[in-house]
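Notes to accompany the following structure.
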Amino acid sequence: MKFELLKKDPESNARRGRLTTDHGTIETPIFMPVGTVGSVKGIYQRDLDNDINAQIILGNTYHLYLRPGLKILNKAGGLHKFIHWNKPLLTDSGGFQVFSLTDNRKLTNEGCTFRSHIDGSKHTFTPENNVETQRIIGADIIMALDECTPGNADHNYAAKSLALTQQWLERGAKHFDETEPLYGYHQSYFPIIQGCIYPDLRRKAAEHAISLEREGYAIGGLSVGEPIEKMYEMIEVIHPIIPENKPRYLMGVGTPANILESIARGIDMFDCVMPTRNGRNGMLFTWNGIINIRNNKWKDDFSPIDTTGTSFVDSYYTKAYLRHLMIAGEMLAAQIASEHNLAFYLDLVRESRKHIEAGDFLKWKNEVVKKVQNRL
RNA sequence: GGGGAGAUACCAAAGCGGCCAACUGGGGCAGACUGUAAAUCUGCUGACUUAUGUCUUCGGAGGUUCGAAUCCUUCUCUCCCCA
């Protein structure tokens, strides 16, 4: 994997870069659609590729490990082949599930024991077997197993949690270096920087992570309940510590405004379920603000979904029709809304790249942030 | 013609003397959702009020009672069974 820093914004920490993997090139800043169980919910891979222009998508180790399971994934020749996606893939380790399935898991120094949310069966992730699992899945970028610390954790808990994440990280990195990819293309292992909302812990976590000299670094444990200003502050704390020729991935973020603000603070990669989940629930993101398409006011609005949108759905369908589908509970509603939102998110980062190149990113960003937060 | 059942808020449907402005669904209206246990979840849904509260409601009219959606009389309408 190769990362080229193409341009630095003189007025902010924003960066324009290019990440090259064996499955293709990713122009950064980039948004990565989330496809937890081997599918970006409601979206054909064909549309992801041609309509939305996704450059890389995610999968999730915990979910794929449970279903379809490693045997099938291995037999399929890895996730790319299994799901028919020839562009880059990134898998999350399951660290977020350590956080979100908190009632069904137990943490030890050794690793994390889960109860499956599907059948209650017991499974253990260790940093080592988690790397092996992600070798079998075969993502281009694999993530370290971590504990995603809740945003309201106190300093004491956050410090202990970080120590565990760091111990796991060292073991995972070692195991990664001792093993080979299974399918003939390169994989990269990204550490995840934790530390909750505490600058000292974040600094410590970032310094520790870079000491392991990996190909990219992720920031985790943000947008998990902490005030949004703290999130930006943590990104700022970490920014100078990470070598500038390495990509930075802010995990799980976020709203369009969050993404622009984070790009301004030096983030290169994002993922979030928001465009798909909120889309399924009737929320549309546009350059002019947020639409709740279920609202009564759209019932006889026969204008296109989004005249500024880049997806075919934006001009193909009307607001009134999409509202009708949404209220009738039709599957197509979820598909259209998800496709629109993902196309918007990809457009958002595409425009960000253009404005970084043009040198007017900061001014542009400030104008857009105001607009995209409107409620239409 | 004879016998029976029933009329409750937008719809369906509980309630059968006070705990009823009225259970529960649906519908409607609005909100939430940030490395997806989510095509999910939450709130409101007689009027006026921030709220305590006040006022007008359970087919119509009249009555019994301290008190009625609930009991009685009567009218209107609906449905079912037998001729």
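Structure above, values below:
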read-out	value
Global geometry of the range A:80-215, whether rounded, prolate or oblate, following the gyration tensor of its Cα atoms and the 1.5 cut on a/c	oblate
Cα-based reach from A:LYS8 at 13 Å (exclusive), listing aspartates and glutamates while leaving out same-chain residues under 8 positions away	A:GLU244, A:ASP268, A:GLU357, A:ASP360
Under-5 Å amide H pairs with A:GLU244, H placed in peptide plane, nonlocal only	none
Cα-based shape type of the range A:133-287, given that a ≥ b ≥ c are square roots of the gyration tensor eigenvalues and the cut on a/c is 1.5	oblate
Prolate/oblate/rounded call for the range A:1-157, Cα gyration tensor, a/c under 1.5 rounded	oblate
3J(HN,Hα) from dihedral phi, the range A:62-75, Karplus parametrisation 6.51/-1.76/1.60, rounded to Hz, x for glycine, proline	4, 5, 6, 5, 6, 8, x, x, 5, 4, 5, 4, 5, 5
Derived scalar couplings ³J(HN,Hα) [the range A:360-376; Karplus, 6.51 cos²θ - 1.76 cosθ + 1.60; whole Hz; x for Gly, Pro]	10, 4, 4, 4, 4, 4, 4, 5, 5, 4, 4, 5, 5, 8, 4, 9, 8
Under 5 Å, built H, 5+ apart or other chain: amide partners of A:ILE193	A:ALA218, A:ILE219, A:GLY220
For chain A, built as a Gaussian network whose Cα springs stay under 10 Å, the top-fluctuating residue of A:ILE327, A:ILE356, A:ILE56	A:ILE327
Fluctuation leader among A:GLU215, A:GLU178, A:GLU27 - chain A, Gaussian network, Cα springs under 10 angstrom	A:GLU178
Intensity falloff of chain A expressed as log10 I(q)/I(0), Debye formula with alpha-carbon point scatterers, at q = 0.07, 0.12 Å⁻¹	-0.29, -0.90
Charge tally in the Cβ shell below 11 Å around A:ASP300, where Lys, Arg are +1 and Asp, Glu are -1, A:ASP300 excluded	+3
Order of A:MET326, A:MET283 - criterion: other Cβ atoms within 10 Å of each residue's Cβ, fewest first	A:MET283, A:MET326
Order of A:TYR316, A:TYR62 under a 10 Å beta carbon neighbour criterion, fewest first	A:TYR316, A:TYR62
Protection proxy ranking of A:296-303, A:97-104 - average other beta-carbon atoms within 10 Å, highest first	A:97-104, A:296-303
Using θ = phi - 60° and Karplus 6.51 cos²θ - 1.76 cosθ + 1.60, couplings along the range A:244-250 (whole Hz; Gly, Pro as x)	6, 8, 10, x, 10, 10, 9
Environment charge at A:SER93 (Cβ cut-off 11 Å; Lys +1, Arg +1, Asp -1, Glu -1)	-3
Among A:THR286, A:THR133, A:THR307: highest mean-square fluctuation, GNM of chain A, C-alpha pairs under 10 Å	A:THR307
For A:HIS23, net neighbour charge (Lys/Arg +1, Asp/Glu -1) across residues whose Cβ lies under 10 Å away	-1
Loop GluC sites (Glu not before Pro), the range A:302-365, which have at most 15 other Cβ atoms in a 10 Å radius of their Cβ (DSSP)	A:GLU330
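Here, each number is a calculation from the coordinates, and none is a lab measurement. This structure is a prediction, so every number in the text was calculated from the model and none was measured. We place every Cβ from the backbone using ideal geometry, glycine too, and count neighbours over all the protein chains shown.
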